[in-house]
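One structure below.
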Amino acid sequence: MIGESLRKWMLTAMTLVAASLILSSCIREQPVPERSFTTLDLLIRLSDMPPGWTIGYGPGKGRSYISPKEDGSEIGFYVSDDRVPRGRDTAGQGVYRYRSPEVAKEVYRDMVLPRAGKMPAGWTYRSPVADQSDFTCYDYEGREPYPFCEWSARYEEYVVIFSSWLIPGYMSLEDMERVVRAIDMRMAQYLGKPIPSTPITP
């Protein structure tokens, strides 16, 4: 009799735990709204880059390891200059949309933020649009003057990454900031957020 009661109690408790887990997961992960645009629309244009850059890839489907099945797009740029070492002449942007802001937050925390480098002393820009953002540069064991810098951010269910080598005459920290501001403004425009003061190119 006691064994039967215990079995029923355990079955009831397990059912309640399972139901609460299902309910809590539904509450935690909010569905995203329908969007009238894709991640392709959110990519920067060549006109957002400093002079001297050329499109090397895209705009096209995301190829990064963090590119989700929902929607991901990328564009790559390069500098055609024999004085710039091969492999250190590139820049690129990726925009990735996930099924919820919660998933995007997890991807951003676990797969984007863990990286080498640190924020350079000359960087002061803070995104007024993104929910989260970060900027780091890595000099690859001191082989300057071509450090590699990456700016990343999460806007609701989107993760955006822009990276570039700092190349004298083609990409400075100030140039990086101008590109990041263009990204911020494009995201603000499409997500219906307050738009920062500098206009973006159509």
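The values are calculated or read from the model by the stated rules, or taken from the named source; none is laboratory data. These numbers come from a predicted model, not from an experiment. Neighbour counts run over all protein chains shown; Cβ positions are idealised from the backbone, glycine included. Just so you know, the surface numbers come from the protein's heavy atoms only, side chains and all, with ligands and any DNA or RNA stripped out. Shrake-Rupley method; radii C 1.70, N 1.55, O 1.52, S 1.80 Å.
Tell me, what is the per residue accessible area of segment 99-197 in Å², probe radius 1.4 Å? Kindly include the intermediate steps, with their values, before the conclusion.
Numbers: 4630 Å² over 99 residues.
For segment 99-197, the solvent-accessible area averages 47 Å² per residue.
Of all the accessible heavy-atom surface of segment 29-107, with the other protein chains kept in place and a 1.4 Å probe, what percent is carbon and sulfur?
Numbers: 2110 of 4280 Å².
Answer for segment 29-107 is 49 percent, counting heavy atoms of protein chains only.
Sorting check: for 113-124, 84-95, which peptide has the highest mean count of neighbouring beta carbons within 10 Å, and how do the rest follow?
Numbers: 113-124: 11.8, 84-95: 18.7.
Peptide ranking by packing, descending: 84-95, 113-124.
At a Förster radius of 25 Å, what calculated FRET efficiency corresponds to the Cβ-Cβ distance of K69 and M119, to the nearest 0.05? Don't skip to the end; give the middle numbers.
Numbers: r = 32 Å, r/R0 = 1.29.
That pair, K69 with M119, gives E of 0.20.
Test of the criteria: in segment 42-79, which trypsin sites (Lys or Arg not before Pro) are in a DSSP loop and have at most 11 other Cβ atoms within 10 angstrom of their Cβ?
Values: sites: R45, K61, R63, K69; in loops: R45, R63, K69.
Passing both the DSSP loop test and the Cβ count: K69.
In whole Hz, with x marking every Gly and Pro, tabulate ³J(HN,Hα) for segment 57-63 from phi via Karplus 6.51 cos²θ - 1.76 cosθ + 1.60, θ = phi - 60°.
Coupling constants for segment 57-63: 8, x, x, x, 5, x, 10 Hz.
Please give every one of the aspartates and glutamates within straight-line cross-link reach of K105, meaning a C-alpha to C-alpha distance under 12 Å, and leave out same-chain neighbours fewer than 8 residues apart.
Result set, ordered by chain and number: E29, D131, E156, E157.
Using a 1.4 Å probe, how large is the accessible area of D131, given in Å² and rounded to the nearest 10?
80 Å²
Pop out the ³J(HN,Hα) list for segment 119-135 in order, Karplus 6.51 cos²θ - 1.76 cosθ + 1.60 with θ = phi - 60°, rounded to Hz; leave Gly and Pro as x.
Working through the residues one at a time gives 6, x, 4, x, 9, 10, 5, 10, 5, x, 10, 6, 6, 9, 7, 7, 9 Hz.
Would you mind checking which residues have amide H under 5 Å from E156's amide H? H placed 1.01 Å from N; only 5 or more apart, or other chain.
HN-HN under 5 Å from E156: D131.
Residues with amide H under 5 Å of G62's amide H, sequence separation 5 or more or different chain, H placed in the peptide plane at 1.01 Å from N; which?
Distant-sequence amide H within range of G62: G72, S73, E74.
Can you run phi through the Karplus equation (6.51, -1.76, 1.60; θ = phi - 60°) for segment 178-193 and list ³J(HN,Hα) in whole Hz, with x for Gly and Pro?
My calculation for segment 178-193 gives 5, 5, 4, 4, 5, 4, 4, 5, 5, 5, 4, 4, 6, 8, x, 9 Hz in order.
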